[in-house]
Amino acid sequence: VQRLEMARTSTQKNVDKFYDDRKIDTLSQRDFKRMQDYAQAILKKAPSNDEAIVLLLYSGLVPVVRNDYAGMKIAGPKTNTGDGNWIVLKAGKPTHFIFNEYKTNKSHGTVEMEIPQELGKWLGRFIRSDKKKAGDVLLSVSESRVPHILRKFGEKLFDKPIGINFLRKSYATVKWGDEIKQINELEKEIERESEGMMNSVGKIKKVYNQNK
């Protein structure tokens with residue numbers, strides 16, 4: 001399986017610059033739901049629509065990955081999934097994704113991601129309608145086309161382009177925004193206190209902040 005190129009496209013860079021220049025906030029949970037509803041409305045009429053599947057995959061039903069669905073293949077019970085990226089079928093139903101090839105794979109190794117029922121329903125219909133089988137590529141869209149698809153849907157739904165990095169930031173904010181804010185505030189407090197103790201933050205975390 002050919003290794004996916006993880007470099008950001010010029011389209012993605014333009015999207016990033018758009019948001020940086022205008023200082024636009026992240027999408028909300030309601031915005032992600034709007035993406036899901038719009039994709040599902042298309043798939044009800046055209047279950048083999050690749051672009052709607054792309055939108056659904058990045059709509060927050062599962063953690064938002066980078067451009068790692070392009071080139072993904074379908075795995076059956078006897079498929080060797082040791083290389084490449086896969087969507088696994090059991091009894092004809094999508095159960096989970098397997099990611100072997102992605103930007104930080106050297107640090108994290110193989111990642112398996114469970115497919116929730118709602119997403120699995122539409123992926124199953126998509127695969128059946130296109131009569132795809134084990135070994136086939138899931139999406140007939142190239143890696144370079146995915147950012148264009150997301151940008152197009154963003155302009156239609158939100159009157160502004162959306163890109164993968166922006167969606168990843170939005171997903172993390174929706175999921176853990178409050179917790180991350182609390183952690184950042186705690187880090188600042190520890191830093192202030194460490195100065196008073198004339199010690200490093202790392203030393204305090206390692207030695208003094210242990211449960212008895």
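Summary of computed values
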item: Condition check for GLY154: at pLDDT 75 or above and surrounded by fewer than 17 Cβ atoms within 10 Å (Cβ to Cβ); result: no
item: Selection count, the stretch 6-37, where residues are at pLDDT below 50, assigned to a helix (DSSP H, G or I) and open to solvent by 50 Å² or more (accessible area, probe 1.4 Å); result: 6
item: Candidate set: the stretch 65-85, residues that are among the hydrophobic types (A, V, I, L, M, F, W, C) and crowded, with 21+ Cβ neighbours inside 10 Å; chosen: the one nearest to THR173 (Cα to Cα); result: MET72
item: Within the stretch 38-120, strands (runs of 3 or more DSSP E) holding 2 or more residues that are without any contact (Cβ under 8 Å) to a residue 60 or more places away in the chain; result: 85-90, 93-99, 111-114
item: Breaking point among (1) at pLDDT below 95; (2) touching a Leu at 6+ places or on another chain (Cβ under 6 Å), for LEU61; result: (1)
item: Residue under evaluation ILE42, criteria (1) modelled with pLDDT of 95 or more; (2) open to solvent by 50 Å² or more (accessible area, probe 1.4 Å), criterion not met; result: (2)
item: So GLU112, is it closer than 17 Å to ALA39 by Cα and open to solvent by 60 Å² or more (accessible area, probe 1.4 Å); result: no
item: So SER140, is it modelled with pLDDT under 95 and touching a helix residue (DSSP H, G or I) at 6+ places or on another chain (Cβ under 8 Å); result: yes
item: Given (1) charged (D, E, K, R); (2) more than 18 Å from LEU56 (Cβ to Cβ); (3) without any contact (Cβ under 8 Å) to a residue 40 or more places away in the chain, index of the condition LYS133 fails; result: (3)
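The values are calculated or read from the model by the stated rules, or taken from the named source; none is laboratory data. Keep in mind it's a predicted model, so treat the numbers as computed, not measured. Cβ atoms come from the backbone with ideal geometry, glycine included; neighbour counts cover every protein chain shown. Accessible surface areas use protein heavy atoms only, side chains included; no ligands, DNA or RNA. Shrake-Rupley method; radii C 1.70, N 1.55, O 1.52, S 1.80 Å.
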